[in-house]
Amino acid sequence: MNYILFDDASRTNLLPLTFTRPVADIRIGILTIREKWEKMLQAKTSSKTEDYLSKKYPTEFTIDTDNVWVNGAVCPNEKLVAEIKTLKPNEALMDSAKVVAANTGNVKSFAAAALTDFTKYESHAKAMSIENPWDIFSKNGEAIKSDFELVTKGRKSLALSSTNQVIAPENIFVEEGAVVECAILNASTGPIYIGKDAEIMEGSIVRGPFSLGEHSALKLGAKIYGPTTIGPHSKVGGEVNNSVIFGFSNKAHDGFLGNSVLGEWCNIGADSNNSNLKNNYAEVKLWNYDKERFVGTGLTFCGLIMGDHSKCGINTMFNTGTVVGVNANIFGSGFPRNFVASFSWGGAAGFTTYKLKDAFEVATKVFERRSMVFDETEQEILTHVFELTEKYRK
């Protein structure tokens with residue numbers, strides 16, 4: 001079977017995080033949703049996403065095997081994978097009204113809303129799905145535990161140094177090349193995964209569930225409350241609680257990040273903080289791009305959602321339930337508004353447009369720091385996002 005992960009209607013709800021990636025490339029737990037599927041299917045996948053993303057994330061069809069379309073917002077489990085593998089051409093797997101997967105045989109097209117001729121079966125797998133940005137941190141504990149079992153099954157952890165204080169070491173897995181010295185690790189509340197060549201510096205305190213991606217670092221004296229995920233190539237310090245950082249992003253200094261999601265290529269300035277609880281303990285509302293208004297999350301604790309390439313200066317203060325788009329640059333005193341449009345430059349005193357030329361210069365330097373190239377494909381994606389979000393900057 002050839003597997004293609006498609007974006008469903010949840011993509012719009014998941015903006016700004018999905019302005020720059022398919023839904024399947026959201027990180028939750030240790031792995032991205034795509035990485036979970038590829039490990040469990042033991043097969044590579046491609047994507048069906050927005051046209052402007054398709055150069056970076058192309059759709060790959062086959063004519064000599066069945067093409068199976070899998071909902072990229074759904075996280076796999078063993079039962080779901082088994083159900084999908086039994087699908088024959090013109091059969092679909094459903095979760096109520098939502099399409100989980102469909103086998104189109106050798107047909108090279110697919111529309112989740114046009115399966116009238118398909119035989120439909122209800123899934124009994126009870127798989128987790130990501131419908132809203134706050135699901136990413138709310139469901140992250142469950143995802144870390146599931147991924148931990150998947151990634152470590154049948155493998156042996158690297159031994160931890162005797163300089164560390166460890167609780168429940170059986171729930172800790174350390175990959176090759178990782179360095180952990182003089183830290184306190186409590187895995188009695190959930191597993192702790194430390195990726196390849198990652199580092200937890202002296203004085204750090206970690207309470208699981210927690211995942212630290214490869215080549216990432218916890219800075220001296222970091223305080224981490226699970227469930228928290230730090231993706232690859234990131235540096236994190238200060239206090240972090242129940243948050244997900246996709247990767248290639250830094251919050252390297254003191255300050256609080258709680259009940260939040262940061263995309264890639266973000267940077268949080270020293271002593272910046274976000275509120276994750278309103279003073280009156282009311283339900284937190286977040287900006288929703290689909291409805292173009294603030295919507296209820298059903299949560300009392302909800303912090304910051306920040307799209308790729310966005311950054312804030314030192315001592316930035318984010319209100320409870322703030323959404324920052326792609327490539328925003330925030331600085332200055334006071335609280336910026338709860339919705340900051342993509343390519344905004346400024347803060348509480350007001351915003352101007354962050355010009356593409358200037359944004360590209362910064363992105364080029366940031367990529368070079370990771371020995372990567374900010375190429376034409378990346379520029380085209382950000383240019384399209386700039387155009388898509390123009391109305392929000394007025």
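The values are calculated or read from the model by the stated rules, or taken from the named source; none is laboratory data. Small disclaimer: the values here were computed from a predicted structure and weren't measured. Here the Cβ is made from the backbone with ideal geometry for all residues, glycine too, and neighbour counts use every protein chain on show.
Residues E176, E78, E91: which one is farther than 30 Å from L277 by Cα and touching a Leu at 6+ places or on another chain (Cβ under 7 Å)?
Details: E78 fails: touching a Leu at 6+ places or on another chain (Cβ under 7 Å); E91 fails: touching a Leu at 6+ places or on another chain (Cβ under 7 Å).
Selected residue: E176, the only one of E176, E78, E91 that is farther than 30 Å from L277 by Cα and touching a Leu at 6+ places or on another chain (Cβ under 7 Å).
Residues are listed down the side, and each one gets a yes or a no for (1) in the same structural domain as N242 (by TED's automatic domain parsing); (2) crowded, with 23+ Cβ neighbours inside 10 Å; (3) basic (K, R); (4) in contact (Cβ under 8 Å) with a residue 12 or more places away in the chain:
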position	(1), (2), (3), (4)
P336	no, yes, no, yes
T364	no, no, no, no
R369	no, no, yes, no
V373	no, no, no, no
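I need a count of the residues in segment 137-157 that are more than 30 Å from G321 (Cβ to Cβ) and either surrounded by 15 or more Cβ atoms within 10 Å (Cβ to Cβ) or in contact (Cβ under 8 Å) with a residue 60 or more places away in the chain (or both). So that I can check it myself, show each step before the final result.
So in segment 137-157, the residues more than 30 Å from G321 (Cβ to Cβ) come out as 149-157.
After this cut, where a residue has to be either surrounded by 15 or more Cβ atoms within 10 Å (Cβ to Cβ) or in contact (Cβ under 8 Å) with a residue 60 or more places away in the chain (or both) as well, the list is 150-152, 157.
Result for segment 137-157: 4.
Taking V166 and the conditions (1) free of Cβ contacts under 8 Å to residues at least 40 places away in the same chain; (2) part of a helix (DSSP H, G or I), which numbered condition does it fall short on, given that it satisfies the others?
Unmet condition: (2).
Conditions first: (1) touching a residue at least 40 places away in the same chain (Cβ under 8 Å); (2) surrounded by fewer than 24 Cβ atoms within 10 Å (Cβ to Cβ). A282 passes all but one, so which condition is the exception?
(1)
Might you check whether a residue that is closer than 23 Å to K145 by Cα and outside the structural domain of G195 (by TED's automatic domain parsing) occurs anywhere in segment 269-282?
To start, the set of residues in segment 269-282 that are closer than 23 Å to K145 by Cα comprises none.
No: zero hits.
Please go through segment 378-394 and pick out each residue that is surrounded by fewer than 16 Cβ atoms within 10 Å (Cβ to Cβ) and over 15 Å from H309 (Cα atoms).
Restricting attention to segment 378-394, the residues satisfying the condition of being surrounded by fewer than 16 Cβ atoms within 10 Å (Cβ to Cβ) are 379-380, 383, 387, 390-391, 394.
Once the filter is applied, which keeps residues that are surrounded by fewer than 16 Cβ atoms within 10 Å (Cβ to Cβ) and over 15 Å from H309 (Cα atoms), segment 378-394 yields E387, E390, K391, K394.
The rows are residues; the columns are (1) in a helix (DSSP H, G or I); (2) of a type in the set (A, V, I, L, M, F, W, C).
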residue	(1), (2)
I305	no, yes
N315	no, no
W345	no, yes
T352	no, no
D358	yes, no
V362	yes, yes
S371	no, no
F374	no, yes
Q379	yes, no
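How many residues, within segment 191-203, are surrounded by 22 or more Cβ atoms within 10 Å (Cβ to Cβ) and outside any strand (DSSP E or B)?
To start, the set of residues in segment 191-203 that are surrounded by 22 or more Cβ atoms within 10 Å (Cβ to Cβ) comprises 191-195, 198, 200.
If we keep only those that are outside any strand (DSSP E or B) too, we end up with 191, 195, 198.
Going through segment 191-203 one residue at a time, the tally reaches 3.
Go through (1) out of contact with any helix residue (DSSP H, G or I) (no Cβ under 9 Å at 6 or more places or on another chain); (2) among the acidic types (D, E); (3) closer than 24 Å to Y289 by Cα for E83 and report which single condition fails.
Condition not satisfied by E83: (3).
Are any residues in segment 185-231 over 16 Å from V151 (Cβ atoms) and touching a Gly at 6+ places or on another chain (Cβ under 6 Å), and if so, which ones?
We begin by selecting, within segment 185-231, every residue over 16 Å from V151 (Cβ atoms); these are 185-186, 188-189, 199-207, 215, 217-226, 228.
Hits for segment 185-231 are T189, G203, R207, K219, L220, G221, A222, G226.
Among residues belonging to segment 61-80 that are surrounded by fewer than 19 Cβ atoms within 10 Å (Cβ to Cβ) and closer than 22 Å to R27 by Cβ, point out the one that is nearest to the chain's Cα centre (by Cα). Before you say what the answer is, go through the steps one by one.
The first filter runs over segment 61-80 and keeps only residues surrounded by fewer than 19 Cβ atoms within 10 Å (Cβ to Cβ), leaving 61-66, 77-79.
So of that shortlist, the ones also closer than 22 Å to R27 by Cβ come out as 77-78.
Details: N77: 19, E78: 22 Å.
By that ranking, first place goes to N77.
Closer than 29 Å to D254 by Cβ and within 19 Å of the chain's Cα centre (by Cα): which single residue out of I314, I305 fits that description?
Residue meeting the stated conditions: I305.
Taking the criterion of being in contact (Cβ under 8 Å) with a residue 60 or more places away in the chain, of a type outside the set (D, E) and part of a strand (DSSP E or B), would at least one residue in segment 220-228 satisfy it? Write out each step before concluding.
Narrowing segment 220-228 to residues in contact (Cβ under 8 Å) with a residue 60 or more places away in the chain: 226-228.
This time we only want the ones that are of a type outside the set (D, E), so: 226-228.
Restricting the remaining residues to those that are part of a strand (DSSP E or B) gives 228.
Checked segment 220-228: at least one residue is in contact (Cβ under 8 Å) with a residue 60 or more places away in the chain, of a type outside the set (D, E) and part of a strand (DSSP E or B).
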